[in-house]
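Before any comments, here is the structure.
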Amino acid sequence: MPRRLITSGSTFEAKAAYSRAVVDGDFCFVSGTTGYDYASMTISPDVVEQAEQCFRNIGSALNAAGFALEDAVRIVVHLTDRADFEAVAPVLRKHLHATRAANTTVISQLLAPEMRIEIEVTAMRRRGE
């Protein structure tokens, strides 16, 4: 299966020459995804809404690649403020409870001050599906 590149149409992808996701064999690697609504290029100031938007964006990328969030095997969550973890933990649980993917959460300085969370996902196609 040839390598496939998935785009969301985000201006960030064009500016920095990257793909929202890359499919290579049985794997799909979703780039760090923030809470921007890519259709309007707007972002909520609320970290919970940003987390929900991250999962909408990630879900769209996975779907375009022929995967689902249930295929996630690894996630990395970047927060700008450790105090936000308690607010976003229920969002993570809501979207990842079925997969129980391996997870690393770190405190990071993100690209723009309005960004409070960024999530990257690695998914793997299940054998026999």
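Points worth noting:
- Qualifying positions in the stretch 95-129 - in contact with a helix residue (DSSP H, G or I) (Cβ under 7 Å, 6 or more places away or on another chain) and either on the phi > 0 side of the Ramachandran plot or small (Gly, Ala, Ser) (or both): ALA98, ALA123
- Tally of residues being at pLDDT below 95 and farther than 23 Å from LEU92 by Cβ across the stretch 5-24: 11
Residue-wise test of (1) over 21 Å from THR122 (Cβ atoms); (2) of a type in the set (S, T, N, Q); (3) touching a strand residue (DSSP E or B) at 6+ places or on another chain (Cβ under 6 Å).
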| residue | (1), (2), (3) |
| --- | --- |
| GLU49 | yes, no, no |
| ILE58 | no, no, yes |
| ASN63 | no, yes, no |
| ARG74 | no, no, yes |
| ARG82 | yes, no, yes |
| ALA87 | yes, no, no |
| LEU96 | no, no, no |
| ALA101 | no, no, yes |
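- Selected residue (only one of TYR38, TYR18 is hydroxyl-bearing (Ser, Thr, Tyr), buried (at least 20 other Cβ atoms within 10 Å of the Cβ) and without any contact (Cβ under 8 Å) to a residue 40 or more places away in the chain): TYR38
- You will find that of ARG74, ARG82, ARG56, the residue that is among the basic types (Lys, Arg), under 14 Å from the mean Cα position of the chain (by Cα), over 18 Å from THR7 (Cα atoms) and modelled with pLDDT of 95 or more is ARG74 and no other.
- Output for the stretch 1-38, where each listed residue is more than 16 Å from the chain's Cα centre (by Cα) and part of a loop (DSSP other than H, G, I, E, B): MET1, PRO2, ARG3, ALA17, GLY25, ASP26
- Scanning the stretch 69-107 for residues that are assigned to a loop (DSSP other than H, G, I, E, B) and either surrounded by 15 or more Cβ atoms within 10 Å (Cβ to Cβ) or in contact with a Ser or Thr (Cβ under 6 Å, 6 or more places away or on another chain) (or both) yields THR80, THR99, ALA101.
- Counting only residues that are free of Cβ contacts under 8 Å to residues at least 40 places away in the same chain and not in a strand (DSSP E or B), the stretch 41-53 holds 6 of them.
- Residue among ARG82, ARG93, ARG56, ARG126 that alone is free of Cβ contacts under 8 Å to residues at least 24 places away in the same chain and farther than 19 Å from SER31 by Cα: ARG93
The values are calculated or read from the model by the stated rules, or taken from the named source; none is laboratory data. Quick caveat, the model's predicted, so the values are computed rather than measured. Cβ coordinates were reconstructed from backbone atoms using ideal geometry, including for glycine residues, and neighbour counts include every protein chain displayed.
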